[in-house]
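Here's the structure we're looking at; comments come further down.
Just so it is clear, none of the values below were taken in a lab; they were calculated from the coordinates. Every value quoted in this text rests on a predicted model; they were computed, and no experiment measured them.
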Amino acid sequence: MQNIPKDDTLTFSLHKTAEEEMHDTLRSVYDALVEKGYNPVNQIVGYILSEDPTYITNHNGARALIRRIDRDELLNELVRCYLGVK
């Protein structure tokens, strides 16, 4: 167990951050596409570029899930992650 000085306060949150929610949602969509035999990266890119939901399978509710994500926020996060900046 880690020794924590008594004067430090630990905080935690029961709620996920927006980035965590987006990551979890995108991972679920990715997994559903893999399960159905699609190339998930190509399908997700097609959806992001066109906003055409038919790029995403209905399997496991993936189409409904991806539509919860704001595309501008997703692109912003993808570019920041790719460049390694926050």
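For L83 and D24, the difference between the fully extended length at 0.36 nm per residue and the C-alpha to C-alpha distance is 19.2 nm. Solvent-free Debye calculation, one equal scatterer per alpha-carbon of the stretch 10-86: log10 I(q)/I(0) at 0.20, 0.22, 0.26, 0.28 Å⁻¹ equals -0.87, -1.01, -1.27, -1.39.
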